[in-house]
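Structure first, commentary second.
Just so it is clear, none of the values below were taken in a lab; they were calculated from the coordinates. Only a predicted model underlies this, so the values are computations on that prediction, with no experimental measurement involved. Note: ideal-geometry Cβ built from the backbone for every residue, glycine included; neighbour counts use all protein chains shown.
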Amino acid sequence: MQKSPYNATVNGKILITPDLMVLRVRTDEPRNTFKAGQYTTIGCLAAEERSPNSVVNLEQPPPDYLITRPYSIASANHETQDFEFYISQVKSGQLTPRLFALSQGSRMWVDDKILGVFSLNDTPEGCNIVMVATGTGLAPYISFLRSHAREHTAIKLAVIHGAAHPWDLGYYSELSFIQSNFPNFYYFPTLLRADNNWNGLTGYIEEHLEAGILEKSGIDIDPEKTHFYLCGNPKMVDSVSKFLSKYNYEKHCTGKKGSLHIEEY
């Protein structure tokens with residue numbers, strides 16, 4: 001019998017919606033300490049069942065094929081054996097329908113490497129940090145806040161999160177709690193398809209930036225004072241990047257330091 005590649009166990013699963021979940025996994029062996037914002041690769045075998053509300057893909061890999069994809073880590077950086085991932089289901093995909101079918105106690109695979117250069121610790125001391133996300137692009141910011149919120153009380157921190165419906169705002173309660181306990185933290189969820197019960201922001205993220213939502217909270221849009229982090233839908237990333245270019249923001253990359261940090265999907 002072929003040895004299973006699995007090296008981790010599902011120890012928690014929160015279905016926010018049928019297609020959006022928080023997946024908690026415990027690896028058999030601890031990993032190295034990582035930087036908040038980094039990612040690892042997770043996977044399961046093609047032999048695993050798919051979720052009931054997925055669409056069967058016509059191209060089915062062999063049962064013993066390990067399907068893998070990279071995911072940002074949402075857990076704090078000192079959690080080196082218990083990992084949390086924020087995952088949306090692609091109904092016709094190969095991996096996510098199988099992940100959504102897993103239950104507590106199920107086995108799966110987690111890479112022993114943690115990678116990525118999307119580190120919020122690249123912000124110079126004294127600079128504000130604005131974290132912009134759509135959908136599950138929120139995950140690296142959750143890791144950062146869980147890891148470092150207490151260390152950054154001398155600057156202003158903000159999360160702007162775009163989603164479709166109120167029920168798509170994963171981590172709403174946690175971020176609201178942080179806002180109520182840290183006077184330097186601001187949480188701006190905005191919805192494209194809000195219902196009548198929603199009293200918060202609506203519309204696209206860039207519309208609120210144009211309207212001065214940050215300046216009203218005392219956060220200057222100035223590359224010398226505030227660093228921006230973008231993670232999520234490529235259209236949002238492109239739109240917000242163009243907005244910030246008017247303020248002389250330049251992309252941070254290898255060999256060139258900038259005030260605009262982008263995690264490419």
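In debye, nearest 20: dipole of the chain around its Cα centre with unit charges on the Cβ of K, R (+) and D, E (-)?
Dipole magnitude for the chain comes out near 220 debye.
Quick check on the range 24-165: take the gyration tensor over C-alpha atoms, sort the square-rooted eigenvalues as a ≥ b ≥ c, and tell me if it's rounded (a/c under 1.5), prolate or oblate. Display every interim value, and only then the final one.
On the way: a/c = 2.72, a/b = 1.77, b/c = 1.54.
Verdict is prolate for the range 24-165.
Expressed as a rounded percentage, what relative contact order does the chain have, with Cα pairs under 8 Å and six or more residues apart? Each step should come with its number before you reach the end.
Values: 543 pairs, mean separation 47.3, N = 265.
Relative contact order of the chain: 18 percent.
How about the range 221-265: which trypsin sites (Lys or Arg not before Pro) there lie in a loop by DSSP and see at most 16 other Cβ atoms within 10 Å? Don't skip to the answer; put the middle values down first.
On the way: sites: K225, K235, K242, K246, K251, K256, K257; in loops: K225, K246, K257.
Sparse-neighbourhood loop trypsin sites (Lys or Arg not before Pro): K225, K246, K257.
At 15 angstrom or more along the helix axis (alpha-carbon based) and mean Kyte-Doolittle of -1.0 or higher, what helices does the chain contain? Whole DSSP H runs only. Intermediate results must be reported in sequence, preceding the final value.
Values: long enough: 234-245 (16 Å, 0.13).
Answer set is 234-245.
Can you tell me, using C-alpha contacts under 8 Å and at least 6 residues apart, the relative contact order of the range 8-115 as a whole percent? Write down the numbers at each step before the final one.
On the way: 237 pairs, mean separation 44.2, N = 108.
Dividing the mean separation by the residue count of the range 8-115 yields 41 percent.
Y247 to W198: FRET efficiency via 1/(1 + (r/R0)^6), r the Cβ-Cβ distance, R0 30 Å, to the nearest 0.05?
Working: r = 30 Å, r/R0 = 1.00.
Approximately 0.50, to the nearest 0.05.
Return the FRET efficiency for the residue pair Q81, E264: r is the Cβ-Cβ distance, R0 is 30 Å, and the value is rounded to the nearest 0.05.
Values: r = 28 Å, r/R0 = 0.94.
In this case the efficiency is close to 0.60.
Could the peptides 23-31, 9-17, 137-145 be put in order, highest first, of the mean number of other beta-carbon atoms found within 10 Å of their residues?
Numbers: 23-31: 16.8, 9-17: 14.7, 137-145: 25.9.
Listed from highest to lowest mean packing, they are 137-145, 23-31, 9-17.
Per the Cauchy relation, a quarter of the hull surface: what is the mean projected area of the convex hull of the alpha carbons in the chain, in nm²? If you can, show how the numbers build up before the last one.
Numbers: hull surface 61.1 nm².
Result: a mean projected hull area of 15.3 nm².
Under 5 Å between amide H atoms, partner at least 5 residues away or on a different chain: which partners does T226 have, H built in plane at 1.01 Å?
Placed amide hydrogens put N128 under 5 Å from T226.
Sorted from largest to smallest, which semi-axis lengths in Å does the alpha carbon gyration tensor of the range 120-263 give for its equivalent ellipsoid, taking the root of 5 times each eigenvalue? Let's see the in-between values first.
Numbers: eigenvalues 100, 64, 39 Å².
Here the semi-axes work out to 22, 18, 14 Å.
Measuring from label point to label point, each 7 Å out along Cα→Cβ, what is the Y6 to K235 span in nm?
Each label point lies 7 Å from its Cα, and together they span 3.9 nm.
Given labels modelled 7 Å from the Cα in the Cβ direction, how far is it in nm from L58 to F182?
Those two pseudo-labels are separated by 4.9 nm.
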